[in-house]
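Please read the structure below before turning to the comments.
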Amino acid sequence: MAFSSANPASNPSAKLRQWLTDIFASAAPAVLTISFGLSYSVLIFSGPLVSYLPYGIAATFTATAVIATVIALGSTFPFAVGAPETSTAAVTGILTASLIDHILAADPSAKLLGPVLLTLSMATIITGVILCSMGLTRIGRAIRYVPYPVIGGFLGATAFLIALGGVRVIADRPVRLDTLVSLADPMTIYQLLAGAALALAIYLIWHRSRNPLALPAILISGIIVAHIVFALSGLSLEQVQALGWTFRSPPRATLTTPWHLSDIQNFPWEALPGLVGNLIAVIFVTAISTLFNTTGLEVATGREANLERELTVAGTANILSGLFGGYAGCISLSRSLLNASAGATTRVSGLTVAAIAVLMLVADPALLAYMPKFILGGLLIYLGSDQLNRWIIESRRRLSITEYLSLLAIIVIILKWGFIAGVLIGVVIGCATFALSASRISAIKFEFNGAEYRSSLDRSRHDLALLMAHGKEIHGLNLQSYLFFGSANRLYQHVRALLTHHPECRYLVFDFKLVTGIDSSATYSFAQIKRAAIENGVKLVLVNLPRATEKMLRSGEFLSSDILVMPELDHALEWCENEIIARYSAREQDDDDLQSWFTAILGNPQEAVELAHHCERIEIRAFDIIARAGEPADSMLFILNGRVGVTVDAG
């Protein structure tokens, strides 16, 4: 009997329906990709590069097409959408602006387009190679050890620069302290207010509803309203361009790379040292964005991702993007989730977004003359403000006051001295904050004294009475966690207080069973503990000492012949108890005088003599078995000297 297959993948009609579903699902992320792509283009190709904006658009959608294709084919998530992200576009814009400043400072008449596109290609290829290396060598997870305030400060500064980039696009001039006066021009103020109004409209309508069609509707409505106002004001297109409300009609950009081998020879190589910091920023932001977005997709979809694979795929996408004249990008969290929520389940959806990006490459750039600057500038202001709200306002609820102040400090440092200084100082601040927080965790899990916690050895009533009276001469500290300069110094302060408040202490036991490690600076605190113990006549006993910790303490000249090292706590307590008993015992007990021992126990000399006559002295060697559980007993054993261990079979 034959059965038809239930697998929809083997059913052509079901596969076609799924492909159509994926194509329609990709419409919303494709529209967002076009909107964001145009804003990224004007962010990077602003100021002196505004006349080359068509090349910026070509670079943006080339990068989108290549990155979306590679990520759609290789990502762990079949519905993934890849493209330049807000953060990667921002640091790319900073890299470009830094290059332009170097070139114009050396030669104000120098050509800009070739060096800029060559720099974008090289930076993207280098970023891709490093991402691939991180994925193949499995060291990408090391980025997750970067302190959160450093990442938040880095991305917060990036968001601030995105918002400033929006202002620069609208005002057509850089935003610095020395240029703030020029922003007071009435026409510029009107343009900035229009951009702010658009950003507010995006927040009130799209940000709250997250309807994928709301954003393009707002942008298109803004363009229509702007041209209606221009027409009612009696302004022609040329007059609107002259007043700075719209972009000037740019020339058509070619799809081929607009730089040649001669541009490599004429490249301002002397500017490279000044670009290293911004290049590292591009690499860092792309890697961080890849990891964050991948983790976000894991949480939102409940699917586990292969992090190394995602880094390798993102690296490959960036290498190809750079070779074709694009710039850096990665997997997009918002657009991928939007794609998945619309019903996309296969890789066709991501490839559809790539195909739409290719169509944007053949669009007529003359249409930019009808695009008001405040539309794309307002979108950038919204994107920057949204990220600022996330990293400066919302993060306050998640971070401690120290971490939050660190985040703000890193933002200020980056804006003042650049990304490299911000990251390096941020890491130092993060490490110092961690050390401060970790030092507040007590290195002592619990402490005890010999009167309340004794060894497992069975002792006579006389010995127990001695230990009850003098057991507080033994004090024990059960240590925990990693001991470094902060926690070890607090341990030293605790020991000093203990010896002050308990002058009867003669034996101080340190149990290292829960200690995970110790650094070289902590050995100095233990040397201080040793000096305090010698001054107070206290014997130090160390138990459960790991080899690495023992080696560290020996290298610090802490361990010496006057410090006792024992394998376990029970034996250490037994040794201390024996020392106390030997010192306080009122008489020398004769182990061979069985009769006097019985007299002390029974309290009746006659009964002691009679019992002693029935006893036989037996010498037992170490590890001999004198009795087994369950065997019939024909005698009673009395231990005069030594000790007996009881071993229980746990099954």
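The values are calculated or read from the model by the stated rules, or taken from the named source; none is laboratory data. Everything numeric in this text was worked out from a predicted model, so none of it was measured. Cβ sites come from the backbone with ideal geometry, for glycine too, and all protein chains shown count toward neighbours. The protein model used for the area step is the full one, side chains on, heavy atoms only, and it has no ligands, DNA or RNA in it. Shrake-Rupley method; radii C 1.70, N 1.55, O 1.52, S 1.80 Å.
Figures for the structure shown
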{"item": "Separation of the GLU557 and ALA469 label points, Cα + 7 Å toward Cβ, nm", "result": "4.3"}
{"item": "Leading residue at positive end of dipole, the chain (Cβ point charges), from PHE623, ILE392, ALA63", "result": "ALA63"}
{"item": "Dimensions (Å) - the range 268-370, Cα atoms, principal axes, largest first", "result": "49, 38, 23"}
{"item": "Listed residue (ALA435, TYR453, MET468) projecting farthest to the positive dipole end of the range 348-469, Cβ model", "result": "MET468"}
{"item": "Folded to 0 to 90 degrees: helix 186-201 orientation relative to the chain principal axis, Cα", "result": "60"}
{"item": "Counted charge near ALA344, where neighbours are those whose Cβ lies closer than 15 Å (Asp, Glu -1; Lys, Arg +1)", "result": "+4"}
{"item": "DSSP-defined antiparallel bridges as percent of all bridges, the chain, nearest 5", "result": "30"}
{"item": "Cα radius of gyration and Dmax for the range 53-199 (Å)", "result": "18.5, 56"}
{"item": "From the C-alpha gyration tensor of the range 420-491, square roots of 5λ in Å", "result": "46, 9, 6"}
{"item": "The range 440-584 - Debye-derived log10 I(q)/I(0), Cα point model, q = 0.17, 0.20 Å⁻¹", "result": "-0.91, -1.24"}
{"item": "Charged-residue dipole, Cβ positions (Lys, Arg, Asp, Glu), the range 412-565 about Cα centre, Debye nearest 20", "result": "240"}
{"item": "For the chain, convex hull volume per residue from C-alpha positions, Å³", "result": "274"}
{"item": "Degrees, to the nearest 10: 12-25 long Cα axis against longest axis of the chain", "result": "80"}
{"item": "Percent of C-alpha pairs per 10 Å bin, the range 507-626, short to long", "result": "11, 28, 23, 16, 15, 7, 1"}
{"item": "13 Å reach of a label modelled at SER182, 7 Å along Cα-to-Cβ, counting backbone N of the range 88-126", "result": "none"}
{"item": "About the Cα centre, charge dipole magnitude for the range 86-244 (Lys/Arg +1, Asp/Glu -1 at Cβ), debye", "result": "780"}
{"item": "Segment PHE446-TYR482, extension gain: residue separation times 0.36 nm, minus the distance between their alpha carbons", "result": "11.4 nm"}
{"item": "Virtual spin-label span in nm between TRP417 and ALA600, 7 Å along Cα→Cβ", "result": "7.4"}
{"item": "Which of ALA217, ALA199, ILE100, positive extreme of dipole for the chain (C-beta unit charges)", "result": "ALA217"}
{"item": "Radius of gyration and maximum dimension Dmax of the range 447-521, Cα, Å", "result": "14.8, 46"}
{"item": "Ranking by accessible area, most exposed first, for LYS530, LYS15 with a 1.4 Å probe", "result": "LYS15, LYS530"}
{"item": "Distance-filtered residues of the range 469-502 - backbone nitrogen under 19 Å, label point 7 angstrom along TRP575 Cα→Cβ", "result": "471-479"}
{"item": "In the range 71-145, the trypsin sites (Lys or Arg not before Pro) that fall in loop regions by DSSP, at most 12 other Cβ within 10 Å", "result": "LYS111, ARG138"}
{"item": "Gain upon complete extension [GLU610, LEU20; 0.36 nm per residue less C-alpha separation]", "result": "202.0 nm"}
{"item": "Estimated [θ] at 222 nm from DSSP helical runs (n ≥ 4, -39500 (n - 2.57)) normalised by residues in the chain, nearest 500", "result": "-19000 deg cm²/dmol"}
{"item": "Estimated distance in nm for a label pair at VAL646 and ASN389, the labels positioned 7 Å out from Cα along Cα-to-Cβ", "result": "6.9"}
{"item": "At most 14 other Cβ within 10 Å, DSSP loop - GluC sites (Glu not before Pro), the range 486-588", "result": "GLU504, GLU557, GLU568, GLU588"}
{"item": "Nonlocal amide H pairs with TYR327, under 5 Å, H built at 1.01 Å", "result": "ALA63"}
{"item": "Charge dipole (debye, nearest 20) of the chain; +1 at Cβ of Lys and Arg, -1 at Cβ of Asp and Glu", "result": "3060"}
{"item": "Calculated FRET value between LEU457 and TYR524, using beta carbons and R₀ = 41 Å, to 0.05", "result": "0.70"}
{"item": "Spatially close lysines, pair count over the chain: Cα under 26 Å, gap of eight or more or interchain", "result": "15"}
{"item": "Crossing angle, helix 461-470 versus the chain [Cα axis fit, 0-90 degrees, rounded to tens]", "result": "50"}
{"item": "Coil-residue trypsin sites (Lys or Arg not before Pro) of the range 262-350, DSSP, other Cβ within 10 Å capped at 15", "result": "ARG303"}
